[in-house]
Every structure is written in C-alpha cells, then in structure tokens.
Amino acid sequence: MAHAAAGKESISVFFPAYNDWGTIASMIVLVVRTLEELTDDYEVIIVNDASPDHTHVILEELGQRYPCLRWIKHEFNRGYGGALRSGFAAARSQWIFYTDGDAQYDVRQLRDLWDRRSGVDLVNGYKIQRSDPWYRAVVGTLYHRLVKTLFRLPVRDVDCDFRLIRRHVFDRIALTEDSGLICTELMTKVHMAGFRIAEVPVHHYHRMHGKSQFFNFRRVARVFVRMVSLWWRLFIRKEPIGPPPREGEPVDAAQRS
C-alpha cells in the first residue's frame, strides 16, 4: 500500500524479476530509501514473472519490513513485455518508474529523472557507456540504430530500461508486445501520440547475478520478425496506438495517427 500523501506527486516503482534473487533485495532497499527523499506517496511493486529461483521467499521476507511493497506473481512466464504490461497495469500513482531487477542500473539515479519531470510526460534514461561483453555491445548498437531509423525515433537510447512515465500516458496508448520489443513499441507510440520526452544520462553496470535472457540466436531472430510486424502495423496499416474506445465514446484523432 502506498504511503499517505502529503501534498506531493505520487509515484509507483516496479521491477520485472526473473532469476534476480541475487539483486532484487538490494534494489528494493535502495529504491525505498530514494523514494523517501522524493515524496511521501509511493509504492514499490515486483512483477515475479514465474521466476524459478528464490525471489518469492525474499519478497515475503521484505514484505514484512516494507508496507509499501507488493508483488504480482505470474503462474507462467509471460516474457519481458508481459511483465512490463502487468507492472504498468498495477501501478496506481501519478508517475510510474521502472527498471530491470538485475541491478545493471543504479536505482538511486531515479532522483535525476524525478528532477527532470517538470513539463514532460516521459523521462527516458540513456546509457553513458554500455557495460556489457563486446558482442552484446555490438549487437545492441546495431539494434538501436536499426530501430531508431525504422521507427523514426528522436531519442538517444531506445533500449534503456530506466524510465519515468506519467500515468496518463497509458490512457492514450496501449501496449501489446510480450518480448523486449515492448520498449520500441512504448517509445514509438509515445512519440506518435505527441507526448513530451526528456532524456537524462544514467550509468550502466556489469551484471552482478544471473545472465541475459535475450542474447541467443533464436530470440534475436524472433524479435527481428516481431519488429518488422510491429513496423508494418504502425506505419503501413496505421493501426490505432491506443486502447479501443468505450462503447459510445468517439475515437480520438491521435489514436488514429
């Protein structure tokens, strides 16, 4: 449950977690301390994407210490995009912040995004320097350049999962992807809807625990196929970017763009 409001803007923080038992506890402790400096109205949510490790044990223990903590447990693995969609749907506050549960970003840099939120709808982090094995850095750079060109995105780092977003953004856009391509879908639809974006540099660190679920040939090939499909749907078929209107409600012109 969120802390009682004291006239400040509220924020929901969530972390998708899969095999992150070695890092999730420290992230929760650090983000709670950071949130205490920013506002009196906050909540922390963990989306446990059917993780087979000890994540649930850690959450049960920390839940006794932190009343602001709650979690969602998927009965089966829904993929990175599915975990993010669950987190966005569960968030109750005016602002939503998310980053991965593997601690490759320092959650204390949420302060930098929070300080930049005035007058914008989304604050997007971008990596100062990518701390990954060389092959991941190369693939990541090529992927970013392709996505930025294909989807006409005016942002420095499409794939930096360190974002602060106004809750009302999700009244105008709907996300559908289940893979890591959801980041491209999110930023493309935010841009197409005309929302204001600010960018803030953030540090990126070596993975301390576990390994990436993305970098194998089969997954990369699948994401490429989905990427082409998403591009076709948004730019050729021009599918609506938002949720379907309620019965009797007119369609917003921005959702047709």
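Summary of computed values
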item	result
Single residue of Ala83, Ala2, Ala6 found to be crowded, with 18+ Cβ neighbours inside 10 Å and either modelled with pLDDT under 95 or more than 20 Å from the chain's Cα centre (by Cα) (or both)	Ala2
Residue among Thr184, Thr141, Thr99 that is surrounded by fewer than 17 Cβ atoms within 10 Å (Cβ to Cβ), out of contact with any His (no Cβ under 9 Å at 6 or more places or on another chain) and hydroxyl-bearing (Ser, Thr, Tyr)	Thr141
Tally of residues being assigned to a helix (DSSP H, G or I), at pLDDT 55 or above and over 22 Å from the mean Cα position of the chain (by Cα) across the stretch 234-257	2
Cβ-Cβ under 9 Å pairs, at least 6 apart or on other chains, the stretch 102-119 side touching a residue at least 60 places away in the same chain (Cβ under 8 Å) and surrounded by 15 or more Cβ atoms within 10 Å (Cβ to Cβ), far side assigned to a loop (DSSP other than H, G, I, E, B) and of a type in the set (Lys, Arg)	Asp102/Arg207; Ala103/Arg207; Gln104/Arg207
Lone unmet requirement of (1) closer than 25 Å to Ser179 by Cα; (2) in contact with a helix residue (DSSP H, G or I) (Cβ under 9 Å, 6 or more places away or on another chain); (3) hydrophobic (A, V, I, L, M, F, W, C); (4) not in a strand (DSSP E or B) for Val44	(4)
The listed residue being under 26 Å from Ile128 (Cα atoms), outside any loop (DSSP other than H, G, I, E, B) and out of contact with any strand residue (DSSP E or B) (no Cβ under 9 Å at 6 or more places or on another chain), out of Val13, Val29	Val29
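The values are calculated or read from the model by the stated rules, or taken from the named source; none is laboratory data. All values derive from a computational prediction rather than experimental measurement. For neighbour counting, all protein chains shown are included, and Cβ atoms are generated from backbone atoms with ideal geometry for every residue, glycine included.
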